[in-house]
1. Using a Gaussian network for the chain with springs between C-alpha atoms less than 10 Å apart, which of these wobbles most: 11, 21, 47?
2. Return the single residue from 106, 39, 54 with maximal mean-square fluctuation; model: Gaussian network over the chain, springs between Cα atoms under 10 Å.
3. Just to confirm a number: summing +1 for Lys and Arg and -1 for Asp and Glu over residues other than residue 130 whose beta-carbon lies under 14 angstrom from that of residue 130, what do you get?
4. How high is the relative contact order of the chain? Use alpha-carbon pairs under 8 Å, at least six apart in sequence, and give a whole percent.
5. Work out the FRET efficiency for residue 13 and residue 103 from their Cβ-Cβ distance, taking R0 = 25 Å, and round it to the nearest 0.05.
6. For Rg/Rh (Cα atoms, Kirkwood Rh), one of [x] 1.04; [y] 1.45; [z] 0.93 was computed from the structure I shared and the rest are decoys. Which label?
7. Looking only at region 22-131, where both bridge partners belong to it, what percent of the DSSP beta bridges are antiparallel (to the nearest 5)?
Amino acid sequence: MDPKSWEAKVLESQLKRADELRDIEGDSIEFVLDVTTEIGPDTHPRLVINYGEIEVCREYAFYDGASRFPEIAKIFSEKYGTRMKDIVPTDGANSWLAGDVSDRPIRSARKRIRRKYFKAVERRKKQEQEAS
């Protein structure tokens, strides 16, 4: 496959907008991110994000691709807001995405997600207490 068509295929697979994500019910949504290898002619690894048994997102994954995680986290935050508790990478996914560089972008994005979530939980508790 020539480089231009490969780049187009990768870009096409990437999550771009919150409206591409499925609706999920609940006030405490925790996703799991993994990296899998496809079976068939295109065995390039995929980044897969699940909510329980539900696949929410799938795109090409790249070694040393940790910089993509905050982009995905931002789109997920746009969709799920403060109901999203975390996007937890498996050990394998974290190692693959961090590669030879660093997992700092992953850790930073997760910290922002959890901070927003727990602030919202505290606000809801306070509102419930004031209402009773």
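Derivation of every value follows stated rules applied to the coordinates shown; laboratory data play no part. What you see is a predicted model; the values in this text were computed from it and never measured. Here the Cβ positions follow ideal geometry from the backbone for every residue, glycine too, while neighbour counts run over all protein chains shown.
1. Ranking 11, 21, 47 by mean-square fluctuation puts 11 first.
2. Among 106, 39, 54, the largest GNM mean-square fluctuation belongs to 39.
3. Here the count lands on +2.
4. Result for the chain is 25 percent.
5. 0.65
6. [x]
7. Antiparallel bridges make up about 70 percent of those DSSP assigns within region 22-131.
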